[in-house]
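**Q** First, the structure itself, so that you have it in front of you.
Just so it is clear, none of the values below were taken in a lab; they were calculated from the coordinates. None of the values given here were measured: they were computed from a predicted structure. Cβ coordinates were reconstructed from backbone atoms using ideal geometry, including for glycine residues, and neighbour counts include every protein chain displayed.
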Amino acid sequence: MRGKSATQRPVTPDPKYGNENVARFTNLVMRDGKKSTAMRVIYDAFDIIGEKTKLNPVEVFENALKNVMPTLEVKSKRVGGANYQVPMPVRGERRFMLAARWILVATRAKKGRPMAIKLSDELIAASKNEGDAVKKKADVQRMAEANRAFAHFAR
């Protein structure tokens, strides 16, 4: 690699709940630099979660993230002319990013309803260990388990 690796900048907590993960998730929901729109979508989704579950929406959000975060993933590694899918543990920062990305992909795949409603439904389902994002995590984990024989290639 050339040059220095970029330093990680601190994330300011979101104004309503004071939670850094909500602020980071807001940045991922944001499209075309429209942060106020992304915040409105997330806060509306949290209001819907509060109405439907009668629980703290931030706790439901954190629980959903925890249920979607993978512990293992496969990475392609070339050894002696052959490519192997080698299972590797996932770092903490990447675990959050994968979980958030999978939740958003599952949310955006559902058509015909406002984003806040789709996001609230997906977060509620993920907090109950259901939904498309949890299914994606299970697929990744299953793939890593299936390729456990190649774990000795990991370094």
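**Q** For the chain, build the charge dipole from Cβ charges (+1 Lys, Arg; -1 Asp, Glu) around the Cα centre, then report which of Ala23, Met88, Ile42 sits farthest towards its positive end.
**A** Ranked along the dipole, the leading option is Met88.
**Q** I've got another one for you. Please list, by residue number, everything in the stretch 79-101 whose backbone N is under 18 Å from a paramagnetic label point 7 Å out along Cα→Cβ of His152.
**A** 79-88
**Q** In the stretch 59-113, which trypsin sites (Lys or Arg not before Pro) are in a loop and have at most 12 other Cβ atoms within 10 Å, using DSSP for the loop call?
**A** Working: sites: Lys66, Lys75, Lys77, Arg78, Arg91, Arg94, Arg95, Arg101, Arg108, Lys110, Lys111; in loops: Arg91, Lys110, Lys111.
For trypsin sites (Lys or Arg not before Pro) across the stretch 59-113 that sit outside H, G, I, E and B with at most 12 neighbouring Cβ atoms in 10 Å, the list reads Arg91, Lys111.
**Q** Another question, if that's okay. When the helix-only estimate is applied to the chain (DSSP H runs of n ≥ 4, each -39,500 (n - 2.57), divided by the residue count), what is the mean residue ellipticity at 222 nm, nearest 500 deg cm²/dmol?
**A** Working: 6 runs with 87 residues, N = 155.
Computed mean residue ellipticity for the chain: -18000 deg cm²/dmol.
**Q** Kindly put Ser5, Ser127 in sequence by how many other C-beta atoms sit within 10 Å of each C-beta, fewest to most. Show your work: numbers first, answer last.
**A** On the way: Ser5 6, Ser127 23.
In increasing order of surrounding Cβ atoms, one gets Ser5, Ser127.
**Q** So if R0 is 22 Å, what FRET efficiency would Ser36 and Ile117 give, r being the distance between their Cβ atoms, rounded to the nearest 0.05? All intermediate terms of the calculation are to be shown ahead of the outcome.
**A** On the way: r = 19 Å, r/R0 = 0.87.
Computed FRET efficiency for Ser36 and Ile117: 0.70.
**Q** Need one number: nm distance between label points at Lys66 and Asp47, each 7 Å from Cα along Cα→Cβ, rounded to one decimal.
**A** 2.8 nm
**Q** Further, regarding this structure: Name the most mobile residue of Glu62, Glu93, Glu122, meaning the one with the largest mean-square fluctuation, in a Gaussian network model of the chain with Cα contacts below 10 Å.
**A** Among Glu62, Glu93, Glu122, the largest GNM mean-square fluctuation belongs to Glu93.
**Q** Compute the length gained on full extension between Ala82 and Ala6: take 0.36 nm times their separation in residues and subtract their Cα-Cα distance, giving the result in nm to one decimal. Show your work: numbers first, answer last.
**A** Values: separation 76, 0.36 × 76 = 27.36 nm, distance 3.29 nm.
In short, 24.1 nm is gained.
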